[in-house]
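I have placed the structure first, in the form of structure tokens, so that the comments after it can refer back to it.
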Amino acid sequence: MLKVGVIGGGSISEFHIRPYVANKDADLIALCDQNAERLARMGETYNVANLYTNYEELLNNPEVDAVSICTWNNSHAEIAIKALEAGKHVLIEKPLSTTVQEALAVEAAVKKSGKLLQVGYVRRHASNIHVLKKFIDANELGELYYAKASCLRRLGNPGGWFSDISKSGGGPLMDLGVHMVDICWYLMGKPKPVSVVGNTYKRLGNRNHIENLSFYKAADYDASHNDVEDLANAMIRFENGASLVVDVSFTLQAVKDELSVKLYGEKGGAEIEPALAIVTEKHNTILNMTPQIDQLGFDFAGAFQNEINHFVDCCVNKTECIAPVEDGVAVMKMLCAIYESASTGREVRL
């Protein structure tokens with residue numbers, strides 16, 4: 001049994017805790033959160049006796065083999081490094097860090113410790129991605145040379161730490177863009193990025209004055225502080241000539257929310273969101289194919305269960321990790337280059 005602790009008790013932690021409880025090879029033995037009242041409720045709910053308000057005390061527990069880090073972005077790197085130094089395997093929520101320098105420090109700690117670090121790119125673990133990946137690996141789509149992804153919320157700033165740049169490291173680009181950039185880059189075969197052009201906008205603010213519409217709110221929601229961008233967009237060029245265009249927002253004067261991920265290749269193409277569809281040509285005819293699977297779209301709970309199962313399997317059976325620390329570093333380089341390009345008004349070479 002892999003004995004696991006979860007650090008951080010915000011809303012995302014439930015999507016780690018429940019899959020650990022459901023995994024026959026994992027034993028959830030420790031929880032940590034700064035909010036003592038919330039921590040006590042979690043301990044009672046999941047029958048966990050080892051409760052900590054200080055993550056270093058959890059890491060000092062010799063029975064803990066591995067941890068999930070579900071804390072503010074600005075603490076990811078620090079906790080991951082200390083966990084690795086304490087001899088723990090690590091599953092770290094995205095993004096890996098808030099700076100490239102931190103990401104490189106985590107990568108160095110992984111190599112020094114010999115322990116596993118898996119980055120929480122949960123979309124890689126969705127069942128529709130598993131299906132599409134088989135087509136891509138079999139060269140059914142040919143070389144993927146262009147991708148475009150949008151995750152646009154017209155009203156969706158979660159407030160709290162999400163909108164505090166000192167804790168989040170950024171707004172929708174750090175929270176949503178990390179998923180959009182990563183899943184496209186992953187499916188395109190992880191080509192080497194060479195240049196980035198990006199823009200960010202702060203025009204609409206939190207918009208908490210809007211009535212009659214609900215939206216996702218952080219566990220400790222607070223609309224009084226907001227210094228992150230509303231919208232970010234970018235084009236990333238890769239060494240093999242491929243390109244990726246992405247835009248993400250917390251709030252936008254849009255008719256409706258938009259979520260789309262599209263990839264285009266020499267022999268075929270695919271759409272992942274809102275539902276998986278594959279395009280190809282046969283006998284001089286274009287075919288739009290709909291795979292017959294239970295989940296054509298992104299299954300949030302199912303993808304997290306797959307992610308946790310993969311992490312446990314990698315720790316217990318030494319299975320190769322599909323979201324290693326090196327990928328976390330590469331994605332951080334792209335995200336930070338977008339912010340740099342936006343602030344300087346220039347193309348950034350990588």
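The values are calculated or read from the model by the stated rules, or taken from the named source; none is laboratory data. Everything numeric in this text was worked out from a predicted model, so none of it was measured. FYI the Cβ positions are ideal-geometry reconstructions off the backbone, even for glycines, and counts take in every protein chain you see.
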Based on this model, can you work out whether N240 counts as under 25 Å from Y145 (Cα atoms) and more than 18 Å from the chain's Cα centre (by Cα)? yes
V331 being within 18 Å of E14 (Cα to Cα), in a helix (DSSP H, G or I) and of a type outside the set (S, T, N, Q): no
Just to be sure I understand, how many residues within the range 101-119 are in contact with an Asp or Glu (Cβ under 7 Å, 6 or more places away or on another chain) and under 20 Å from G169 (Cα atoms)? 2
Output the residues belonging to the range 294-318 that are more than 19 Å from L259 (Cβ to Cβ), surrounded by fewer than 15 Cβ atoms within 10 Å (Cβ to Cβ) and touching a helix residue (DSSP H, G or I) at 6+ places or on another chain (Cβ under 9 Å). D294
Top-ranked residue of the range 267-276 - restricted to ones that are buried (at least 17 other Cβ atoms within 10 Å of the Cβ) and among the hydrophobic types (A, V, I, L, M, F, W, C), ranked as farthest from the chain's Cα centre (by Cα): A270
From the residues in the range 147-170 that are of a type outside the set (A, V, I, L, M, F, W, C) and in a strand (DSSP E or B), which one is surrounded by the fewest Cβ atoms within 10 Å (Cβ to Cβ)? K148
L116: touching a Pro at 6+ places or on another chain (Cβ under 9 Å), more than 30 Å from E266 (Cα to Cα) and aliphatic (A, V, I, L, M), yes or no? yes
Could you give every pair whose Cβ atoms fall below 6 Å, whose first residue belongs to the range 153-169 and is in contact (Cβ under 8 Å) with a residue 60 or more places away in the chain and closer than 17 Å to K94 by Cβ, and whose second residue is of a type in the set (S, T, N, Q) and assigned to a loop (DSSP other than H, G, I, E, B), counting only separations of at least 6 or pairs across chains? G169/T98
Taking Y186, is it under 18 Å from the mean Cα position of the chain (by Cα), within 13 Å of F250 (Cα to Cα) and not in a strand (DSSP E or B)? no
Within the range 72-79, identify whether any single residue is in contact (Cβ under 8 Å) with a residue 60 or more places away in the chain and under 19 Å from P324 (Cβ atoms), and answer yes or no. yes
Being within 18 Å of E56 (Cα to Cα) and either modelled with pLDDT under 95 or part of a loop (DSSP other than H, G, I, E, B) (or both) is the filter here, so list the residues in the range 76-104 that pass it. A86, G87, K88
Among the residues of the range 219-266, which ones are of a type in the set (G, A, S), touching a residue at least 24 places away in the same chain (Cβ under 8 Å), surrounded by fewer than 18 Cβ atoms within 10 Å (Cβ to Cβ) and part of a loop (DSSP other than H, G, I, E, B)? A219, A223, G241, A254
So is L173 assigned by TED's automatic domain parsing to the domain that holds C336, farther than 22 Å from V261 by Cβ, modelled with pLDDT of 95 or more and buried (at least 16 other Cβ atoms within 10 Å of the Cβ) or not? no
Regarding the range 280-294, can at least one residue be identified that is in contact (Cβ under 8 Å) with a residue 24 or more places away in the chain and farther than 30 Å from E14 by Cβ? yes
Among the listed residues T251, T285, identify the single one that is among the polar types (S, T, N, Q) and either farther than 23 Å from L335 by Cα or modelled with pLDDT under 95 (or both). T285
Hits in the range 316-338 - residues which are within 17 Å of V122 (Cα to Cα) and in contact (Cβ under 8 Å) with a residue 40 or more places away in the chain: C321, I322, A323, P324, V325, E326, D327, G328, V329, A330, V331, M332
For the range 19-39, what are the residues that are more than 22 Å from P62 (Cα to Cα) and without any contact (Cβ under 8 Å) to a residue 12 or more places away in the chain? E37
Let me spell it out: the conditions are (1) under 23 Å from the mean Cα position of the chain (by Cα); (2) farther than 17 Å from I79 by Cα; (3) surrounded by 15 or more Cβ atoms within 10 Å (Cβ to Cβ), and A22 meets all of them except one. Which number is the exception? (3)
Please state which one of F135, F162 is assigned by TED's automatic domain parsing to the domain that holds M289 and touching a Ser or Thr at 6+ places or on another chain (Cβ under 6 Å). F162
